[in-house]
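Visitor: Dumping the structure here so I can ask a few things about it.
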Amino acid sequence: MMCLRILGRRTAFGLAVLSAFYGCQALALTATENVRLAFESAKPGDVITIEEGVYEFDRPLTLKTRGVTIRGAGIDKTVLSFRNQVAGTDGIVVNADDFLIEDLAIEDVPGDSLKIRRSKNVTVRRVRVEWTDGPKATNGGYGIFPVRSRNVLVEDSVAIGASDAGIYVGQSRNVVIRNNIVRSNVAGIEIENSVNVDTYGNWAENNTAGIEILNMPYLKLNGRSIRVFENDLVTNNLPNFATSGTTASELPAGAGVVINSIDEIEIFGNRFVDNDTASVFIMSHHLLPYTGDREIVPVFDPYPERIAIHQNSYDGGGEAPTFPGLEEVRRTVFAASGRLPEVVWDGAVNPDKSVADARICLGDEDAGIVSVDALNGYRDVVVDAEVHRCLLPSLMPVELGN
């Protein structure tokens, strides 16, 4: 005969202790073990509710069941801590469709905090990921990290202290990143080799770069059609603290938005404030290689083209560029103003095309642009906004569910 009874009570540390009786013999289970059991035994449609408290885990939590909701009591009330992790490196790892997580925090993960892989119809809402000791190279790389996924919504969340990207989306389609706060990360938000992404209403402050948009040369999905609008990109000048030798360590400090080797980007209605290198920094793969030892895919295009920048507001910026060569350009070419223009472009153009063909368009907004000829030692710096007073068709909004 077996009888099962679970009782809960609060300890002085704010954690529940569950007592289970198997075969009528008592066996004490901590709340942490109960949460792990709920992840591992979840059935489609389950709602896992984690009450207020601090829960300490020594290994990752894994979910592979579709249709599960994970719900805490609040972004600062339910805290899942991985500070003392001894096995694995990630925090929560999800490989499941129709997944929702909301109202909790994930802290001090050695690796990636919330990793979501090959999943469809994902919502991350009011989730805080943070490394509580501040920016350090030993912090985990990614905070909220959906990859190879489709129909992803990340909203009203907070990411602090990631040594690569606070919120990352990679090799994914149909993504909305909105109304989040990203602070003190290397990249606040990173959009890599992804198609159809809307990023809006976010506050990016004190990151190495506020938002990074790029195609990596060894990934097959060719990213494009990305809108960045109505974001606040403020003082993203944090010295890069990524581990030396990693791709993230090459990201220059001081840019509100970095665009690298990717086409069809629309940047509009944003507020840029005091980003020391540039409000928008556009570069080719040649300037910031990001390769390592991996093989470049045949379809890779290193030149950014069809970039629309319009209806933004600018306050300061460009006064202390960190990328090699740009400080000399500032001092020699822009001595009168003491600052680089709002948009800095490395000037690299497909050899079979002209500058006009690149279609880097500022519309009719009051913003300046400089082509710095970075690949030729900054010998032929061009300050001519007129060739960039062009218009591009607006990109279509992302519709989740497609």
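Visitor: Here's a check for you: in region 117-139, which residue that is in a loop (DSSP other than H, G, I, E, B) and of a type in the set (Ser, Thr, Tyr) is farthest from SER244 (Cα to Cα)?
Guide: The residue in question is SER119.
Visitor: I'm told PRO110 meets every condition in (1) crowded, with 22+ Cβ neighbours inside 10 Å; (2) free of Cβ contacts under 8 Å to residues at least 60 places away in the same chain; (3) farther than 17 Å from ALA38 by Cα except one. Can you identify the failing condition by its number?
Guide: (1)
Visitor: Looking at region 354-384 only, could you name the residues that are free of Cβ contacts under 8 Å to residues at least 40 places away in the same chain and either at negative phi or in contact with a Cys (Cβ under 6 Å, 6 or more places away or on another chain) (or both)?
Guide: Scanning region 354-384 gives SER354, VAL355, ALA356, ASP366, GLY368, ILE369, SER371, ASN376, ARG379, ASP380, VAL382, ASP384.
Visitor: Is there any pair linking a residue in region 219-246 that is under 19 Å from ILE259 (Cβ atoms) and among the hydroxyl-bearing types (Ser, Thr, Tyr) to one that is at pLDDT 95 or above and assigned to a strand (DSSP E or B), with Cβ under 6 Å and at least six apart or on different chains, and which?
Guide: From residues that are under 19 Å from ILE259 (Cβ atoms) and among the hydroxyl-bearing types (Ser, Thr, Tyr), the pairs are SER225/VAL195; SER225/ASN196.
Visitor: Where in region 254-324 are there strands (runs of 3 or more DSSP E), lying fully within it, with 2 or more residues that are buried (at least 21 other Cβ atoms within 10 Å of the Cβ)?
Guide: Hits in region 254-324: 255-260, 265-268, 278-283, 307-310.
Visitor: Further question: Taking strands (runs of 3 or more DSSP E) that do not extend beyond region 189-244, which have at least 1 residues that are among the aromatic types (Phe, Trp, Tyr)?
Guide: 195-200, 203-205, 224-229
Visitor: On to the next question. Looking at region 379-402, which of its residues are buried (at least 16 other Cβ atoms within 10 Å of the Cβ), within 30 Å of ARG178 (Cβ to Cβ) and of a type in the set (A, V, I, L, M, F, W, C)?
Guide: Listed by number, the residues that qualify are LEU392, LEU395, VAL398, LEU400.
Visitor: Now for a different question. Going through THR243, THR235, THR247, THR208 one at a time, which residue ends up being modelled with pLDDT under 95, among the polar types (S, T, N, Q) and closer than 21 Å to ILE282 by Cα?
Guide: Of THR243, THR235, THR247, THR208, the one residue that is modelled with pLDDT under 95, among the polar types (S, T, N, Q) and closer than 21 Å to ILE282 by Cα is THR247.
The values are calculated or read from the model by the stated rules, or taken from the named source; none is laboratory data. These numbers were taken from a predicted model, which means no experiment stands behind them. Here the Cβ is made from the backbone with ideal geometry for all residues, glycine too, and neighbour counts use every protein chain on show.
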